[in-house]
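Worksheet: one structure, shown below.
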Amino acid sequence: MQKLKVNEIFYSLQGESSYIGLPTIFIRLTGCPMRCSYCDTAYAFNAGDNFTIDETLDAISKYKTKNVTITGGEPLAQKECWNLLKCLCDSGYTVSLETGGAISISKIDKRVKIILDIKTPGSGEEKNNLWENLELIKPKDEIKFVITDKKDYVWAKNALIKEKLNEKALVLFSPVYGDINPKDLAEWILKDQLPVRFQIQLHKIIWGEVEGV
Ligand code: SF4
């Protein structure tokens, strides 16, 4: 049986998306083909232990919540991730997937809420955006821009308008923690009357930049 390389499994509050604040089990898979300038999970690029899907389900069974987020790294970099997503849904979990947007989201179980990043120029990974993914996005999914500066904001605003992203799904604009003043981003969004949701990474406000939250 194929194994997954798992960097960490932990229980915390969801810090992002429309599930923000909900007690959630996080399964962080090892590895990522990208190297975003602001990456806060470089520790997940290589380190991890091998788990079968049954072992993963067993490891999370001690938690009472049914909310599970699969994150990384880039979870879709491991082919077994697709099976994990399906098995979690079959086991009655409410499943969300955080993906960087460079790998196709086709064939992902339709019960999964996908949080799809679109990488801005400031990330250094704009060239890896797989724009075809936008044709596969479902109304219950979410599209996320991590904004590093005003230039990124303008770029994201133009992409939002050009691709009519808010007609496809909820759009999230999130400032890079500690890099850009959240107040500036909030004011740009309000001034331009953009139909997006502003978010700050809640877990970092509560616990700071530490692993396992
Ligand atoms: S896609 Fe995510 S995990 Fe990969 S480098 Fe970018 S921020 Fe880090």
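The numbers here are math on the coordinates, done by the rules we state, and not lab data. Just so it is clear, the model here is predicted, and its values are computed rather than measured. Ideal geometry is used to build each Cβ from the backbone, glycine not excepted, and the neighbour counts take in all protein chains shown.
Rounded to the nearest 500, what is the chain's calculated 222 nm mean residue ellipticity when only DSSP H runs of at least 4 contribute -39500 (n - 2.57) each, over all residues?
Working: 5 runs with 49 residues, N = 213.
After summing the helix terms and dividing by residue count, I get -6500 deg cm²/dmol.
What's the exposure ranking of 185, 88, 194, going from fewest to most Cβ atoms within 10 Å?
Values: 185 22, 88 25, 194 18.
The fewest-first ordering by Cβ neighbours comes to 194, 185, 88.
Which of the trypsin sites (Lys or Arg not before Pro) found in segment 1-49 are loop residues per DSSP with 14 or fewer other Cβ atoms within 10 Å of their Cβ?
Working: sites: 3, 5, 28, 35; in loops: 3, 35.
Counting only loop positions with at most 14 other Cβ atoms within 10 Å, the trypsin sites (Lys or Arg not before Pro) in segment 1-49 are 3, 35.
Starting from segment 97-136, pick out the trypsin sites (Lys or Arg not before Pro) whose DSSP state is loop and whose Cβ has at most 15 other Cβ atoms within 10 Å. The partial results should precede the final answer.
Numbers: sites: 107, 110, 111, 113, 119, 127; in loops: 107, 110, 111, 119.
Within segment 97-136, the qualifying trypsin sites (Lys or Arg not before Pro) (loop, at most 15 other Cβ atoms within 10 Å) are 107, 110, 111.
Place a label point 7 angstrom from the Cα of residue 41 along the Cα-to-Cβ direction, then list the residues of segment 54-80 whose backbone nitrogen is under 16 Å away.
Once the point is set 7 Å along Cα→Cβ of residue 41, 68-80 turn out to lie under 16 Å by backbone N, inside segment 54-80.
Cα centroid distance between segment 156-177 and segment 98-120, in Å?
That distance is 15 Å.
Run through the DSSP bridge list for segment 4-207 and note the antiparallel percent, rounded to the nearest 5. Don't skip to the end; give the middle numbers.
On the way: 10 of 33 bridges.
The antiparallel fraction comes to roughly 30 percent.
Hey, what's the Cα Rg ratio for the chain versus the globular rule of thumb, 2.2 N^0.38 Å?
Working: Rg = 16.5 Å, N = 213, 2.2 N^0.38 = 16.9 Å.
Cα Rg divided by the expected 2.2 N^0.38 Å: 0.98.
Could you tell me which GluC sites (Glu not before Pro) in segment 129-213 are loop residues by DSSP with no more than 11 other beta carbons within 10 angstrom of their beta carbon? Can you show the working numbers first?
Values: sites: 132, 135, 142, 163, 167, 187, 209, 211; in loops: 163, 209, 211.
For GluC sites (Glu not before Pro) across segment 129-213 that sit outside H, G, I, E and B with at most 11 neighbouring Cβ atoms in 10 Å, the list reads 209.
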